[in-house]
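First up is the structure itself, then whatever we jot down about it.
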Amino acid sequence: MSDLRLATLGPLLIADAPAKAAATLALDAALPVDAAAVIDEPAGIPGRPQRPRLVAHTSLKPPPLNTPAGVAALVHAIAHIELNAIDLALDICWRFPGMPEAFYRDWLRIAQEEATHFTLLRDHLLTLGFDYGDFDAHNALWDMAERTKHDLLARIALVPRTLEARGLDASPGVRAKLVGAGDRQAGAILDVILRDEIGHVAAGNRWYRFLCEQRGLDPVATYADLARRHQAPRLRAPFNLEARRAAGFDEAELAALASQR
Ligand SMILES: [Fe+2]
Ligand SMILES: [Fe+2]
C-alpha cells in the first residue's frame, strides 16, 4: 500500500486487540501521504474483539483495590482506553482529507504511541494473571468518535482536547492508587503514558488552533459551543494544570475550564 492514510484502515479494521496494536506499530511512517484523497468508509470500523463485553458507562463501578483482581480491573480499564485511543488516532488519519501532511504524520505517531501504551498494559495484565477482555468495559470513547465524524474541528475539540486532556487530569490520582496498592510497575507505565499524552493533547491544541484560524473562529468560544453541542462530559477539578500548560492550553482556556465548575 502506498498511501499512509489508506494504510491506517488496516489496523483500524482488525478485531483482535493485540494484533491491532502490532499492526499499528508495523505501519511504515515513511509512506507518502495523499492528503487530498476522499476515502469511502468501509464496513466494520472499528474492528473490535468479542470480549470485553461493552456495558453502559454508568454500570461500571470503580474496582476495589484491596484485591489483586481489583488492581487488574483498573489496569484493564486503562488498557481499554488505550485500545480506543489507537482507533481514534487511526480514524483521524483516513477520515479527514485536506490537512497538511504534518497533520497525518502527527496522528500516525500518536496511534503508534497508543499501541505501545496498550501493549505495555496488556503485557502487565498478563503478569497479573489476567488478559484484555477479562473485565467489562464501556464504549464512551468511540461514541464520541461517532458523534464527531462529520467535522474534524469537533473531533479535535472533543477527543484530544477533552477526553485525552481529561486523562492528564486523572493520571496522578490513578497512579497514586495503583502504587498505593503495591503495583509499582503499573505506576512506571503510567509515567510513560502521561509523558506521551501531553504530546497528544499538544497536537490536538496545535491543530485545533490551525482550524480555528482557517475558519476565522475564536478558539475559546468555539470550544464552549462544540462541547455543548456534542454533549462533552463535564470536566471536574482537580485539573492537572502543569500537564495542561505543557500541552499548550493557554491561560484563557485554563480560566474557562476553572469557571465551568
Ligand atoms: Fe495513550
Ligand atoms: Fe493519547
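Within the bounds of the stretch 168-182, is there any residue that is surrounded by 19 or more Cβ atoms within 10 Å (Cβ to Cβ), near ligand 2 (Cβ under 10 Å from one of its atoms) and not hydroxyl-bearing (Ser, Thr, Tyr)? Within the stretch 168-182, one or more residues are surrounded by 19 or more Cβ atoms within 10 Å (Cβ to Cβ), near ligand 2 (Cβ under 10 Å from one of its atoms) and not hydroxyl-bearing (Ser, Thr, Tyr). Does the stretch 151-160 contain at least one residue that is more than 16 Å from ligand 1 (Cβ to nearest atom) and not in a helix (DSSP H, G or I)? Yes, some residue in the stretch 151-160 is more than 16 Å from ligand 1 (Cβ to nearest atom) and not in a helix (DSSP H, G or I). Residue 197 falls short of the stated requirement of being in contact with a helix residue (DSSP H, G or I) (Cβ under 7 Å, 6 or more places away or on another chain), touching a residue at least 60 places away in the same chain (Cβ under 8 Å), of a type in the set (D, E, K, R) and within 16 Å of ligand 2 (Cβ to nearest atom). Taking the listed residues 232, 243, 258, the one that is at pLDDT below 95 and not in a loop (DSSP other than H, G, I, E, B) is 258, with no other qualifying. The single condition from (1) surrounded by fewer than 19 Cβ atoms within 10 Å (Cβ to Cβ); (2) of a type outside the set (A, V, I, L, M); (3) assigned to a loop (DSSP other than H, G, I, E, B) that residue 249 fails is (1). In the stretch 17-64, which residue that is charged (D, E, K, R) and outside any helix (DSSP H, G or I) is surrounded by the most Cβ atoms within 10 Å (Cβ to Cβ)? Result: 48.
In a residue-by-residue description of the stretch 111-118, the property of being in contact (Cβ under 8 Å) with a residue 12 or more places away in the chain, in a loop (DSSP other than H, G, I, E, B) and closer than 26 Å to residue 60 by Cα applies to no position. Annotation note: Cβ proximity below 9 Å between a residue of the stretch 132-153 that is closer than 30 Å to residue 68 by Cα and a residue that is of a type in the set (Ser, Thr, Tyr) and surrounded by fewer than 16 Cβ atoms within 10 Å (Cβ to Cβ) (sequence gap 6+ or interchain) occurs for 136/59; 138/58; 138/59. Number of residues in the stretch 108-131 that are within 16 Å of ligand 2 (Cβ to nearest atom) and of a type in the set (Ser, Thr, Tyr): the value is 2.
Residue 132 falls short on exactly one of the conditions (1) among the aromatic types (Phe, Trp, Tyr); (2) in contact with a His (Cβ under 7 Å, 6 or more places away or on another chain); (3) in a helix (DSSP H, G or I), and that condition is (3).
Could we say that residue 73 is touching a Ser or Thr at 6+ places or on another chain (Cβ under 8 Å), buried (at least 18 other Cβ atoms within 10 Å of the Cβ) and under 25 Å from residue 172 (Cβ atoms) here? No, not satisfied.
Of the residues making up the stretch 180-228, those that are at pLDDT 95 or above, charged (D, E, K, R), away from ligand 1 (no atom under 16 Å from the Cβ) and within 21 Å of the chain's Cα centre (by Cα) are 206, 209. Looking across the stretch 200-229, not a single residue is part of a loop (DSSP other than H, G, I, E, B) and within 16 Å of ligand 2 (Cβ to nearest atom).
The values are calculated or read from the model by the stated rules, or taken from the named source; none is laboratory data. Model, not experiment: these values are computed from the prediction. Glycine gets a Cβ as well: all are built from the backbone with ideal geometry, and neighbour counts include every protein chain shown.
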